[in-house]
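The values are calculated or read from the model by the stated rules, or taken from the named source; none is laboratory data. Every value quoted in this text rests on a predicted model; they were computed, and no experiment measured them. Note that we place each Cβ from the backbone using ideal geometry, even for glycine, and neighbour counts take in every protein chain shown.
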Amino acid sequence: MQRTWLIAANWKMNGSAALVDEMTSVLANITNSQLQLLLCPPATLLCRFKTARNFALGGQTLSHEVSGAYTGELSAALLQEAGASYVIVGHSERRTLNAESDELVAAKLARAVAAGLTPILCVGETQMQRQQEKTQQVIARQLDAVYASQPELLAKSVIAYEPIWAIGTGESATPELAQQTHAFIRQHLTQYDAAAAAKVKLLYGGSVNADNCSALFMQTDIDGALVGGASLKP
């Protein structure tokens, strides 16, 4: 079925007020009814974007708590007040560097949906797991941790497959390999909600750039991309 593409930019800990202005100017020239654009800059830059724009904004993470004494954390409400309508949840860098467990990721996603934010759930395997042919096993575990007990959240989610071995390495999965994994994800999701699984946007994230994106987007189950380093180039 035809789905609108979503191109999500994860600036990570990069960017500036000058880049906000430059990016806004460049993206203003894009008019494509089949394309949704989303920028996820550092939270301190969210408020620097003008209200009138042809793209959405998102956060890079959020707290699973509503509010309270959690120094350095960002609640869903704070992200929304700054202009965000999406939020990335469970990015591999958060799982690895900040020790975010599957259970915590599930709690964060539930909090995002409850607040009205659209979560982009990141799943993916390491190089070692890939070599051990555990890609599907790892991804199934990550999906089950979130949706097995709360399948109603699937219809309100976006899912990004980000092979950890391809993030920031310049090495990207071939379009065929990416499609194979995306097809597995969509099929696995049918056990929770078949209708939602057919409609959910599945993004590929792993060294996506201007040279490989066209071939990736031609694949049946790839509905867009979660772009890292290349998203800093207007």
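Could you look through segment 200-228, keep only residues that are of a type in the set (D, E, K, R) and either modelled with pLDDT of 95 or more or in contact with a strand residue (DSSP E or B) (Cβ under 6 Å, 6 or more places away or on another chain) (or both), and pick out the one that is farthest from Tyr86 (Cα to Cα)? Taking the candidates together, the pick is Asp221. Applying the criterion of at least 3 residues that are buried (at least 16 other Cβ atoms within 10 Å of the Cβ), touching a strand residue (DSSP E or B) at 6+ places or on another chain (Cβ under 8 Å) and among the small types (Gly, Ala, Ser) to the strands (runs of 3 or more DSSP E) found wholly in segment 1-73 leaves 56-59.
Note on segment 137-167: residues that are in contact with an Asp or Glu (Cβ under 9 Å, 6 or more places away or on another chain) and of a type outside the set (Lys, Arg) amount to 17. Apart from one condition, Tyr161 fits all of (1) more than 23 Å from Gly58 (Cα to Cα); (2) modelled with pLDDT of 95 or more; the exception is (1).
Among the residues making up segment 103-158, none is among the hydroxyl-bearing types (Ser, Thr, Tyr) and touching a Cys at 6+ places or on another chain (Cβ under 9 Å).
When segment 210-230 is limited to residues that are farther than 13 Å from Val158 by Cβ and in contact with a Cys (Cβ under 9 Å, 6 or more places away or on another chain), the one that is surrounded by the fewest Cβ atoms within 10 Å (Cβ to Cβ) turns out to be Ala230.
Tyr192 falls short of the stated requirement of being within 24 Å of Gly229 (Cα to Cα) and aromatic (Phe, Trp, Tyr).
Is there a residue in segment 82-96 that is outside any helix (DSSP H, G or I), surrounded by fewer than 16 Cβ atoms within 10 Å (Cβ to Cβ) and either touching a residue at least 12 places away in the same chain (Cβ under 8 Å) or touching a Cys at 6+ places or on another chain (Cβ under 8 Å) (or both)? Before the answer, list the steps.
From segment 82-96, those outside any helix (DSSP H, G or I) are 82-91; that's our starting set.
From what is left, the residues that are surrounded by fewer than 16 Cβ atoms within 10 Å (Cβ to Cβ) are 85.
So of that shortlist, the ones also either touching a residue at least 12 places away in the same chain (Cβ under 8 Å) or touching a Cys at 6+ places or on another chain (Cβ under 8 Å) (or both) come out as 85.
Looking through segment 82-96, at least one residue is outside any helix (DSSP H, G or I), surrounded by fewer than 16 Cβ atoms within 10 Å (Cβ to Cβ) and either touching a residue at least 12 places away in the same chain (Cβ under 8 Å) or touching a Cys at 6+ places or on another chain (Cβ under 8 Å) (or both).
Filtered by the rule that a residue be in a loop (DSSP other than H, G, I, E, B) and small (Gly, Ala, Ser), segment 210-222 gives a lone residue, Ala210.
Give segment 153-207 a look and list any residue that's among the aromatic types (Phe, Trp, Tyr) and more than 13 Å from the chain's Cα centre (by Cα), or say none. Within segment 153-207, Trp165, Phe184, Tyr192 meet the criteria.
So if I check each of Val87, Val138, which one is at pLDDT 95 or above, closer than 24 Å to Thr190 by Cα, touching a strand residue (DSSP E or B) at 6+ places or on another chain (Cβ under 7 Å) and not hydroxyl-bearing (Ser, Thr, Tyr)? Give the derivation first.
Details: Val138 fails: touching a strand residue (DSSP E or B) at 6+ places or on another chain (Cβ under 7 Å).
Step by step, each of Val87, Val138 is checked, and only Val87 is at pLDDT 95 or above, closer than 24 Å to Thr190 by Cα, touching a strand residue (DSSP E or B) at 6+ places or on another chain (Cβ under 7 Å) and not hydroxyl-bearing (Ser, Thr, Tyr).
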